[in-house]
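The values are calculated or read from the model by the stated rules, or taken from the named source; none is laboratory data. Here the structure is a predicted model, which means the values were calculated and not measured. Note that each Cβ is placed from the backbone with ideal geometry, even for glycine, and that neighbours are counted across all protein chains shown. Note: areas computed on protein heavy atoms with side chains; ligands, DNA, RNA excluded. Shrake-Rupley method; radii C 1.70, N 1.55, O 1.52, S 1.80 Å.
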Amino acid sequence: MIFYIVTPTFNSLRWLPRCVRSVADQVGEDVQVHHHVQDGASSDGTREWLQHWQQEHADCPGYRFTFESAPDKGMYDAINTAWAQMPPQADVTAHLNSDEQYFPGALAEIARAFRSSRADIALGAYIIVDAESRYICHRRPVLPHRRTSVTVCEIITCSCFHRADHFRNHSVRFDTRYRALADVIFFRDLVNLRPRFAVLPKVFTGSFTITGDNLAWTETSRSEWAAYLRTLPWYTVKLHGLSYRIVNFLRMLRDCVCPAPRSYSIYLSDTATRTTLPIKHPTCRWGCRSRGED
């Protein structure tokens, strides 16, 4: 199965090599990977690093790496641009942000899920880490619902995979009018298409990093949320808190019947090998912070 993975980046050289390595090592008997990085004309040496990586891995069996470095209108415009270049032979596509990583064997698990079902979209579990790659919590996927997805982002990028044929046939892409809220709008519109989901609560596909610079906690995000809520019916806004609690309850319920993660394996800095970190106190509750090391 051929995966087309797109990564937007801009002046993120601290994170990007880890992300790229985590995609490259997914290649296996059932997995071929084309990883495309869309760089917004970074000034921190990203282009030079990408050129070096591309030359170094030009002849790797089952792995193709491409990139483009050019000005864009932000992260979501970069993702749309990369998706527009998806090769016709791709079977599955996804986007992985530069501060995210896939776990070992993640794409092989997703390939098996697509082969064994008619799903249009596969959703896995993920681990949230801090800027030092320390465990914060983990999250299980739940089946998204059209009502709750209006105001609750039930899907996260490092755990969402699209069957390429389905993705090509619908027109949902990121709305570049938003600088921070486009994820919510994208997944809301996607759920409204009523795709077939494969929900994989026992498959941990990747890590999501709280770097301190995440768009969700910026003033831009707050102002976009306020403007977005004004476009919704009053009762939808009133029910937002309840919708959020329902989704979190379903996540916790799902976690109760699944084995707790005890470790995770990621790249630290620009190392060529993964480091396995223990999880001493697993939790699916973000407020109950637990680290791999005390």
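Worth a mention:
- Applying the Kirkwood pairwise sum to the alpha-carbon positions of region 157-201 produces a hydrodynamic radius of 11.7 angstrom.
- Backbone geometry of region 257-266 corresponds, through the Karplus equation with coefficients 6.51, -1.76 and 1.60 at θ = phi - 60°, to 3J(HN,Hα) couplings of 10, 10, x, 6, x, 10, 6, 8, 10, 9 Hz, x marking Gly and Pro.
- Of all accessible heavy-atom area on the chain, the percent that carbon and sulfur account for (1.4 Å): 52
- When peptides 203-209, 9-15 are ranked by their average number of other Cβ atoms within 10 Å per residue, the highest-first order is 203-209, 9-15.
- With all pairs of separate Cα atoms included, the chain yields a Kirkwood hydrodynamic radius of 19.5 Å.
- Selected from VAL199, VAL237, VAL92 as most flexible by GNM, with the chain as the system and alpha-carbon contacts under 10 Å: VAL237
- DSSP H segments from the chain that extend 30 Å or more along their own axis, Cα-based, with Kyte-Doolittle mean of 1.6 or above: none
- Under 5 Å from the amide H of SER263 lie the amide H atoms of ILE279, each residue being 5 or more positions distant or on a separate chain, with H modelled from the backbone and absent for Pro and chain starts.
- Summing Lys and Arg as +1 and Asp and Glu as -1 over all other residues whose Cβ lies under 11 Å from the Cβ of VAL92 gives a net charge of -1.
- Of the GluC sites (Glu not before Pro) in region 80-157, those whose Cβ has at most 11 other Cβ within 10 Å and which sit in DSSP loop: GLU132
- Part-to-part distance (alpha-carbon centres) for region 156-229 and region 68-93, which is given in Å: 15
- Full-stretch length increase - GLU132, TRP234 - with 0.36 nm per residue and alpha-carbon distance subtracted: 32.6 nm
- Residues within the reach of a label modelled at MET86 (point 7 angstrom out along Cα to beta-carbon, backbone nitrogen below 17 Å), restricted to region 1-26, are 1-8.
- Accessible area (Å², per residue) of the chain, counting only protein heavy atoms and a probe of 1.4 Å: 47
- In units of the rule-of-thumb radius 2.2 N^0.38 Å, region 1-121 shows an alpha carbon radius of gyration of 1.02.
- FRET efficiency for LEU268 and ARG118, using Cβ-Cβ distance with R0 set to 35 Å, rounded to 0.05: 0.35
- For the options ASP39, ASP175, ASP59, a Gaussian network treatment of the chain with springs between C-alpha atoms closer than 10 Å singles out ASP59 as fluctuating the most.
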